[in-house]
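Structure first, commentary second.
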Amino acid sequence: MKDKKWDLIALASIPLIMTLGNSMLIPILPVISKELDVSAFQVSMLITVFGLVAILMIPIAGYLSDRYGRKTVILPSLVLAGVGGAICMVAAWFMDGLAAYWVILAGRFLQGIGAAGAFPIVLPFVGDLFRDEKEVSKSLGIIETSNTFGKVLSPILGAYLGALLWFAPFIAIPALCLISFLMVLFMVRKPEADDEPEKPEFHDFVARIREILRKKGRWLYAIFAIGGICMFLIFGVLFYLSETLESHYHLHGAMKGFVLAIPLALLCLASYGGGKIIGKNKVLMKWLGFGGMVLLTAAMIVAGFGKGIYFLLSFLSLVGIGIGVALPCMDALITEGIEKENRGTITSLYSSMRFIGVALGPPVVSLLMNVGHWVMFGTLAAVGAVGGLLTLFAITPNKNKTGKPEGRKWAKGGRNIRHATRQGAR
């Protein structure tokens, strides 16, 4: 792993920068609405259009990465994300009102396409780089930590930049994308020739994906759903906490950002720790993931009984820890359970589900907040419980006689699957 340290650092920059490029805008949305004289709904579309186009484009990017190579897809995607950010910056700087709004929206559309070909491709790329499952698990924990660290920084950095100049976050996006582009270009080496995945023709590719989903659908669909549930819950919780801090406790700007960063920081630490603990033990991945889902479900239930800020922040932080524990386990299970030549597409479907969770969390929670405090947390707890049950009953790695998980098998009607990080000899 040490000989690929710089490769991993460069790849970890992608989720960090993609997260900053989107989430930094959240603290300044009210300012954008005022500066451009547009409604709250219109300004919310700057976030929504990014997520929607990413959801649609991620599976396409996954197939292209399987067909033409991970790095070949990631580099142009980073350029496209940077160009989208530059368009937003120019529109905000030199235009006004609705004209600026529509051009910024177009820039966000391009940025979403770029994001679809960047972060989701990192997961299979990590699986390609490392042969040992323990190294893959540790590396995926670092990637998930980088993603979460971006969420921790976003409200703080966005608020600070917005205070200096309302469109400063738009200026930061192309600069950040350029940094990541150069890191990937010069620091990430392509896997050796015998380790590169086979490049399938389209009709063979479709047949393989159908066969994979037919044979392994039980645990794959479960992991897709769990990833979506985790992101739905964390973004729903952040939306609720943001609204509560502003409306009830009158916290604004950077101070609000620091408070929002608390559960995210704990999520970040839990992701890092989870990635180091699980190694290549698939049984441990299952039970640690299940434990994380149980923790966040219990924390949601308890949070429904109180409204004090310290009480809520404590239990919502436990929600963050539970999600931070569960996500690296899901990342590792899906990355190590799929052959290299199809890994990009399958993990891209997983990433799409996570984006759907991000998109659904805030609007659903905004509706539940109008119904009642306990109803909202009870509903979120029920969603978390569904994730826990899926982890318990749908994810079933085999054990060998020593009780340790077999790296080459999954319990799915006795069917074998090949080791995810096997050598490329076929």
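The values are calculated or read from the model by the stated rules, or taken from the named source; none is laboratory data. Everything numeric here is computed off the predicted structure, so don't read it as measured data. Note that we place each Cβ from the backbone using ideal geometry, even for glycine, and neighbour counts take in every protein chain shown. Side chains are part of the model used for accessible areas, which takes the heavy atoms of the whole protein and leaves out ligands, DNA and RNA. Shrake-Rupley method; radii C 1.70, N 1.55, O 1.52, S 1.80 Å.
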Legend entry - segment 175-190: number of residues that are open to solvent by 70 Å² or more (accessible area, probe 1.4 Å) and either among the β-branched types (Val, Ile, Thr) or within 19 Å of Asn22 (Cβ to Cβ) (or both): 2
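So if I check each of Ile113, Ile121, Ile104, which one is over 14 Å from Ile14 (Cα atoms), open to solvent by less than 10 Å² (accessible area, probe 1.4 Å) and part of a helix (DSSP H, G or I)? Let's see the steps before the verdict.
Values: Ile113 fails: open to solvent by less than 10 Å² (accessible area, probe 1.4 Å); Ile121 fails: over 14 Å from Ile14 (Cα atoms).
Only one candidate qualifies: Ile104.
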Inset, instruction - Any chance you could count how many residues in segment 87-104 are touching a helix residue (DSSP H, G or I) at 6+ places or on another chain (Cβ under 6 Å) and over 15 Å from Trp166 (Cα atoms)? - result: 2
Inset, instruction - Just need a number here: residues in segment 260-272 that are touching a Leu at 6+ places or on another chain (Cβ under 7 Å), modelled with pLDDT of 85 or more and surrounded by 17 or more Cβ atoms within 10 Å (Cβ to Cβ). - result: 2
Inset, instruction - Using the structure shown, decide if Phe355 is open to solvent by 10 Å² or more (accessible area, probe 1.4 Å), in a helix (DSSP H, G or I) and within 30 Å of Arg70 (Cα to Cα). - result: yes
Legend entry - Cβ pairs under 7 Å, 6+ apart, first in segment 243-265 and within 17 Å of Leu161 (Cα to Cα), second acidic (Asp, Glu): His252/Glu246; Lys256/Glu246
Inset, instruction - Would you mind stating whether Ile156 is open to solvent by 40 Å² or more (accessible area, probe 1.4 Å), β-branched (Val, Ile, Thr) and part of a helix (DSSP H, G or I)? - result: no
Inset, instruction - Could you figure out which of (1) within 17 Å of the chain's Cα centre (by Cα); (2) under 18 Å from Leu52 (Cα atoms) isn't true of Gly127? - result: (2)
Inset, instruction - Starting from segment 323-334, keep only residues that are within 21 Å of Arg131 (Cβ to Cβ), then list their pairs with residues that are open to solvent by 10 Å² or more (accessible area, probe 1.4 Å) and at pLDDT 90 or above whose Cβ atoms are within a distance under 8 Å, requiring at least 6 positions of separation or different chains. - result: Cys329/Lys286; Cys329/Leu288; Leu333/Lys286
